[in-house]
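A.B. asks: Below is one structure. I have some questions about it.
The values are calculated or read from the model by the stated rules, or taken from the named source; none is laboratory data. Everything quoted here is computed from the prediction, not taken from an experiment. Neighbour counts run over all protein chains shown; Cβ positions are idealised from the backbone, glycine included. Areas reflect the complete protein model, heavy atoms only, side chains present, ligands, DNA and RNA absent. Shrake-Rupley method; radii C 1.70, N 1.55, O 1.52, S 1.80 Å.
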Amino acid sequence: MVCDFDGTLVRVNSFPLWVLSIAKGFLLEFRPFLSVKVVFLLVVRKLGLVSHFDFKKNLVNLSRFLNNDYVSSSLSRHVNDRVLDFLNSCEGTRVISSAAPLVYLEHTVDLIGVHVSHVIGSTFVGDDFFENYSENKVESLKQVCQDPKDVVVITDHYEDLPLMKIASKVYLVSPSEKTLRVVESAGIQYDILC
């Protein structure tokens, strides 16, 4: 069982909440220079001067100076209880696989009470930043599952199409019209979980 995080296990996109929590956390920990650095990165991202990948990479790098628990407690209020209950009731290996940064993803998953074998998120691998997104989710799954073709996927978004293509079963959570069109045009059978 492989479950997406943003928009699936939690009803929101956790990344913007995390960005705000980093800036706020640095202020609460009396590190205003680092808080200003977060705001600067946000401004240059909004102006299109830095890619989303580089923005995320820089924030993950900065966040090593911070207690990342600030965002986890706020995310616990956005849990999709139906997905949580379904995921916890399933037998076998359960994996949370998300593009969300691992620095807060692991703690958040623990805090909301998900019983999983593995949590895979975007993180540094040595000096390189690995973004667990699209095709990379398939590659990271291969590292933790013996047979990644015998998996059930729960997601809300067409960006997980590479995972859906190798899955034996797909559940969509509150899919958008575009997600439904993309999944159907790819010939993927699915059920709506909620």
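A.B. asks: Sort out which residues of segment 12-63 are more than 28 Å from H157 (Cα to Cα) and either polar (S, T, N, Q) or in the same structural domain as V83 (by the TED database) (or both), and write them in order of number.
C.D. replies: The answer is S35, and nothing else.
A.B. asks: OK, next. On the given criteria, is E106 closer than 23 Å to V153 by Cβ and open to solvent by 20 Å² or more (accessible area, probe 1.4 Å)?
C.D. replies: yes
A.B. asks: Can you tell me which residue in segment 82-94 is nearest to K169 (Cα to Cα), limited to those that are outside any loop (DSSP other than H, G, I, E, B) and over 17 Å from the mean Cα position of the chain (by Cα)?
C.D. replies: Only one residue tops the list, namely F86.
A.B. asks: Taking segment 1-40 as the search range and keeping residues that are closer than 22 Å to S134 by Cα and free of Cβ contacts under 8 Å to residues at least 24 places away in the same chain, which one is surrounded by the fewest Cβ atoms within 10 Å (Cβ to Cβ)?
C.D. replies: Checked segment 1-40; the qualifying residue surrounded by the fewest Cβ atoms within 10 Å (Cβ to Cβ) is P16.
A.B. asks: Would it be correct to say that L66 is part of a helix (DSSP H, G or I) and aliphatic (A, V, I, L, M)?
C.D. replies: No: the conditions fail for L66.
A.B. asks: Applying the selection to segment 106-125, what residues are farther than 17 Å from F53 by Cβ and not β-branched (V, I, T)?
C.D. replies: Selection gives E106, H107, D110, L111, G113, H115, S117, H118.
A.B. asks: Within segment 150-163, which residues are closer than 11 Å to E135 by Cα and buried (at least 23 other Cβ atoms within 10 Å of the Cβ)? Steps first, answer last, please.
C.D. replies: Taking segment 150-163 and keeping what is closer than 11 Å to E135 by Cα, we get 159-163.
The one that is closer than 11 Å to E135 by Cα and buried (at least 23 other Cβ atoms within 10 Å of the Cβ): D160.
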